[in-house]
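Engineer: Dropping a structure here in C-alpha cells format, bear with me for questions.
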Amino acid sequence: MYVTSSGDRHGDRTPIDPYPTDPWRNESLWPVRFGQLTNIGKRQHYALGQWFRKRYSNIITNKYDSKKVYVRSTNVDRTLMSAEVNLAGMYPPMGKEVWNDHLNWQPIPIHTRPEHDDEVLAMKRKCAQYDIAKNNFINSRAYEDHLSKYEGLMDYLTQHTLRKIKDFEDINDIYNILFIENLYNLTLPKWTHSVFPDKLKEPACYSFSIATATPVMARLLAGPLLKAIVNNMLNKMSEQPDALTMSIYSGHDFTIANILSALGLFDGNCPSYTSTIIFELLNEDSTPDYYVRISYRNTTDIVEPFILNIPNCGKMCPIQRFIQVFDNLISVDWESDCQVQYNNNLIIYFFIMIHIFIFILYLQDNYCDVIKQEKRNELLRNRRIATDETETCLCPDLEQNVDVNNVEKPQLLL
C-alpha cells in the first residue's frame, strides 16, 4: 500500500435544532450545547484514530510527519473536535515528542476554511451552475412524483412539530432529532410511534442522494474532493517530494453520502457517526501496476470496512481505468465550471438586436429633425407671403389718379 485517503463523519452529537413542540428542546437537558460533540463522540473518534494507527502502521511512522500526513476538517466545532481526538488516538507523543509528563497528547495541525469559502470538504461555496442544475432537478417531474408520495407524511409531521415540512431534507431533520433522542433513551411523544423510525427512515436517507443527483451536480459538488484525492495518488506514483502518505478529511454525513453517491456507491442508508470511506492506492510487487480500492464502514463499531465494488471497474480498479470511469468528476475545473455559460449564438443575436435597435433610434431621430426643419421652412414661407401681401395693401389708392382740388376740405365745428 502506497497511500490512503479517508473521509469520516464526526462522532456522537446533540440535536442541532429541535422542533417547536419537542419536549426535549430545552438545551439544559443535554450534556453539551446543541450540535456539539459529546463525550461519547470523543471516545468513538479516539478509538477510530487508534484503529488507523494499527491498520496503517506500515505506511505511517510512529512520529507525526507534517510532510506525509495532512488533516483537514470543515469549519464546524464537532468536526474539528472529532479530528483532534482522532489524531490523539493516532499519534500519542513518543520520545522527544513528549512535552508534558502528565498529558499523553500532542498538538497536530488541522486545516480548515470557512464553510462559505470551502468547495472541497464543506461543499458550501456558492456555485451558480450548481444552483441552476439543482433547481432544474427539484423541479423535474421525477423528483416531484417521488416527493408527492410523502405528502401525507409531511402534513402529519408539520401538524405535530409545528414546523413546515416541505421536502426530503426537512424529513431528515426530524428523523435525526428523533434518532438522537431515542439513542439517549428519552421518551418520544406518542405521535412519533406511528412514523419513527420505519416511515421516516427511507425518505430521510434518500435526502442524501439529492445533492449529487445529476452528473453536473455530482461534478461540481463531489468533484473537487475526489480530484484532490486522485491527484495525491498520482503524485505518489510519480514520487513527487510533496506527495502525502495519508490524508484525513473530517466531515459530515452529507460529505460521506455525496462522495458515495457521486461514485454510484450509495446504498440508501444514512451514514452513521464515525462512518468512514477509505481510498487506498495499492501496488503489486515487482509490477508497475497501481490499483484503487475503496472501503466503507458504516457503523460506530471498530470493525473491518467492506470493500466496495467500484462501478465498471471492480474491487481492485486500475488507477487509469478509475480516472477514465470517473473523468466527469475528477476533471472538474471548479472555478471555471461554476461560471454561468451563455450560448454564443444567443450572445451574437443579442448584440445584433441591440445594434438594430440603436440604428432605428438613429433613423427616428434624424426623421424627426427633417420633419421639424420642414415645418420651420413652411412657417418661414408663410410669414414671407403674409409680409408681402401686407406691403401691397398699405396704400391701395395711390395707384389711382386723384384730383387734389376736388378733395373735400374739413370744416371747423363751431
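Every read-out reported here was derived from the displayed coordinates using simple, explicitly stated rules and does not represent laboratory data. As the structure is a prediction and not an experimental result, all values here were calculated from the model. Cβ atoms come from the backbone with ideal geometry, glycine included; neighbour counts cover every protein chain shown.
Engineer: Mind ordering 90-100, 213-223, 259-269, 293-303 by average Cβ neighbours within 10 Å, highest first? Don't jump to the answer; show the numbers that get you there.
Structural biologist: Numbers: 90-100: 13.5, 213-223: 22.3, 259-269: 18.9, 293-303: 16.4.
Going by the mean number of other Cβ atoms within 10 Å, highest first, we get 213-223, 259-269, 293-303, 90-100.
Engineer: Rounded if a/c is under 1.5, else prolate if a/b is larger than b/c, else oblate: which is the range 137-179, with a ≥ b ≥ c the root eigenvalues of its Cα gyration tensor? Please report the intermediate quantities before stating the final value.
Structural biologist: Details: a/c = 2.56, a/b = 1.78, b/c = 1.44.
Prolate, because a/c is 1.5 or more and a/b exceeds b/c.
Engineer: I've got another one for you. Can you give the extra length, in nm with one decimal, that the chain gains between residue 289 and residue 166 once fully stretched, where that is 0.36 nm per residue apart less the Cα-Cα distance?
Structural biologist: On the way: separation 123, 0.36 × 123 = 44.28 nm, distance 5.00 nm.
Once the chain is fully extended between residue 289 and residue 166, it gains 39.3 nm.
Engineer: Got the relative contact order for the range 1-76 handy, in percent, Cα pairs under 8 Å and 6 or more residues apart? Present the calculation step by step, with values, prior to reporting the outcome.
Structural biologist: Working: 49 pairs, mean separation 23.4, N = 76.
Relative contact order here is 31 percent.
Engineer: Please compute, for the alpha-carbon atoms of the range 87-176, the extent along each of the three principal axes and give them in descending order in Å.
Structural biologist: Its Cα atoms span 63, 36, 20 Å along the three principal axes.
Engineer: I'd like the distance separating the alpha-carbon centroids of the range 1-42 and the range 134-175, in whole Å.
Structural biologist: Between the Cα centres of the range 1-42 and the range 134-175 lies a distance of 24 Å.
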